[in-house]
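Novice: Pasting a structure below so you can have a look.
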Amino acid sequence: MPLSAQLIPHGNVYVGAAYANSRVVITRFDFKGWNASAEIIPLSRLSFIGLVFDASGFYRQGITEYNILGGPRMAVNFGKFRPFVHGMGGIQRVNSSGNKYQPVAVDFGGGLDYKLPFRNFSWRVQGDYVHTRYLSASQNDVRASTGIVFRF
C-alpha cells in the first residue's frame, strides 16, 4: 500500500478539551482544561509505532495542573477508525494555593481516531490513567479528552 493511502503517513497533531479527576494532596477534585499532542511515525515500514509528545493543562479555583509527557504509541488502522494505546513518562506540575509540586508522572492510556470527510482531519476520543508519587504519597488520576486531529 503506498504511503499516500495510509491513514497516518507521517504523524499528526491533536488539540482538544479535557476533563481530569485528580487528587491534590489528600482531596480529590474535578478539573477542566485542554490536551494537545504531536506524534511522529519515524519508520515507514513500522507505521503502527509512533513517538508521541503530550501536554495538558487543568484548572479549578486556586489550583493549576500541567502534564508534560512523552513515549511510544501503537496504533492500527481499520477503515476510518484508528485505535491506539500509549505509555508515557514525564513531569506533572501542580500549583495549589502557592504550594508547588513537581512529581514524576507515568501515563497509560489509549483512544480512537475517526477519519472525518475533510482531508487530513480526524476526531479523537482519548482516556488516560496518570500515576504520580511525591515524597511518600502516591496519586492516581484519570483524564479524558476529545478534539480534532490533523494528519500530515
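Novice: For the stretch 1-53, which residues satisfy the criterion of being farther than 20 Å from Lys80 by Cβ, open to solvent by less than 80 Å² (accessible area, probe 1.4 Å) and at pLDDT below 80?
Specialist: Matches in the stretch 1-53: Val24, Thr27, Pro42, Ser44.
Novice: Among the residues of the stretch 58-78, is any of a type in the set (A, V, I, L, M, F, W, C), out of contact with any strand residue (DSSP E or B) (no Cβ under 8 Å at 6 or more places or on another chain) and at pLDDT below 85?
Specialist: no
Novice: For the stretch 53-106, name all the residues that are over 12 Å from the mean Cα position of the chain (by Cα) and of a type in the set (Asp, Glu).
Specialist: Glu65
Novice: Any residue at all in the stretch 92-101 that is in contact with a strand residue (DSSP E or B) (Cβ under 9 Å, 6 or more places away or on another chain), closer than 13 Å to Asp54 by Cβ, part of a strand (DSSP E or B) and at pLDDT 95 or above?
Specialist: No: zero hits.
Novice: Name the single residue, out of those in the stretch 130-149 being touching a strand residue (DSSP E or B) at 6+ places or on another chain (Cβ under 6 Å) and exposed (fewer than 14 other Cβ atoms within 10 Å of the Cβ), that is nearest to Lys80 (Cα to Cα).
Specialist: Among them, the one singled out is Val142.
The values are calculated or read from the model by the stated rules, or taken from the named source; none is laboratory data. Predicted, not measured: the structure shown is a model, and the values here were computed from it. We place every Cβ from the backbone using ideal geometry, glycine too, and count neighbours over all the protein chains shown. Each accessible area value is taken on the protein alone, full model and side chains, heavy atoms only, with ligands, DNA and RNA left out. Shrake-Rupley method; radii C 1.70, N 1.55, O 1.52, S 1.80 Å.
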